[in-house]
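Bear in mind these aren't lab numbers, they're just calculated from the coordinates by the rules spelled out. Treat the numbers as computed from the prediction; the structure is a model and nothing was measured. In this analysis, Cβ positions are derived from the backbone assuming ideal geometry, glycine residues included, and neighbour counts consider all displayed protein chains.
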Amino acid sequence: MNSAQTRQFLQLYAGSIHAHAQQLTDLDAAIGDADHGSNMERGMTAVLAALPERGTPAELLKSAAMTLISKVGGASGPLYGTAFLRAATSAAGKEDLTPQDVAQALQAGYQGLIERGRAQPGDKTMLDAWEPALHALPQGVAAAAQAARTGAEATRTMLARKGRASYLGERSIGHLDPGSVSSALLFEALAQALEHNT
Ligand code: ADP
Ligand code: MG
């Protein structure tokens, strides 16, 4: 994964968030405060606006992280920001990331999510997309994206134990977790960027 692919990943993700903003907000309206789509869209628009013209994959990811942390007020901004920042730290200094480097960066991002949010898989959060995605990653990034999507679908039957949705208790059951869906979009964008540009 070189700089061009990293840039393309961020552009594809921003485009996908834009296309799915209403869906993400509707999901958040059911079990949260109806702002996940607008939070992510504001964040990713700002990420593209602030992205430096040149830089290593790590420098681009770090820029995205800083923007998400500073521009997104909801829980998701600091969480995604932390994931991007840890991924950037893991990838630092490399011009072209091997699949192993990408896997390590994603794993570091996932650890960051856990440390920042103190949730576990099964709590009906974005971790429920990330965890199966990382598990499937040895089969390739397309398999990871598919697993993230399946993981997001599986949040429907879960009881929320973290974040705003946890205030609903049993009433959180029957709805998809919005952050798990935006995370599935992230892995899909990553797969697309890596497939089409190698
Ligand atoms: P807010 O909850 O502040 O309104 P968003 O609506 O943008 O923020 O994001 C909500 C999403 O953030 C949830 O759907 C969930 O996936 C994720 N989330 C919330 N709390 C946590 C946590 N502690 N750990 C991991 N993910 C979390
Ligand atoms: Mg919300």
Subset of segment 139-162 [among the basic types (Lys, Arg) and within 13 Å of LEU185 (Cβ to Cβ)]: ARG149
The one condition in (1) in contact with a Pro (Cβ under 8 Å, 6 or more places away or on another chain); (2) within 12 Å of ligand 1 (Cβ to nearest atom); (3) hydroxyl-bearing (Ser, Thr, Tyr) that TYR110 fails to fulfil: (1)
Whichever residue in segment 128-144 is touching a residue at least 40 places away in the same chain (Cβ under 8 Å) and in contact with a Leu (Cβ under 7 Å, 6 or more places away or on another chain) and, among such residues, is farthest from ligand 1 (Cβ to nearest atom): VAL141
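Matching residues to (1) within 16 Å of ligand 2 (Cβ to nearest atom); (2) of a type in the set (A, V, I, L, M):
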{"position": "ALA105", "(1), (2)": "no, yes"}
{"position": "GLN120", "(1), (2)": "no, no"}
{"position": "ASP128", "(1), (2)": "no, no"}
{"position": "LYS162", "(1), (2)": "yes, no"}
{"position": "TYR167", "(1), (2)": "yes, no"}
